[in-house]
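Down below is the structure, laid out as structure tokens.
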Amino acid sequence: MANVFEPSWDEEQDRPPFSWRRARLGRQAGSDRLGASVFELPPGSSSFPLHIHHANEEENSIFPKAQEAIGDQAAKELEARFLSAKQQLMASA
């Protein structure tokens, strides 16, 4: 059973600054239409360059464990950056 709190990691990338590991929870739960993934990033890393999707939506969230590690203010700043980037991409589409 897919579990967001105890993910089964199924892919890794280590090409700084894009270093992460991913658990494809949608696939692990048996879905063929839901692309839900959890990423774990080392401090200072990014998952992917800024990009846009034309056929689907993307949501980013910071889980409490990560928020605890980076601090509440840093988590709020990251969330604001995510929303700002999403708005910029949608405006340019």
1/(1 + (r/R0)^6) with r = Cβ-Cβ of PHE5 and ALA74, R0 = 25 Å, i.e. FRET efficiency to nearest 0.05, evaluates to 0.70
With all pairs of different alpha carbon atoms counted, what Kirkwood hydrodynamic radius in Å does the range 1-45 show?
-> 11.0 Å
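The numbers here are math on the coordinates, done by the rules we state, and not lab data. Since we're looking at a predicted model, the values are computed, not measured. Cβ coordinates were reconstructed from backbone atoms using ideal geometry, including for glycine residues, and neighbour counts include every protein chain displayed.
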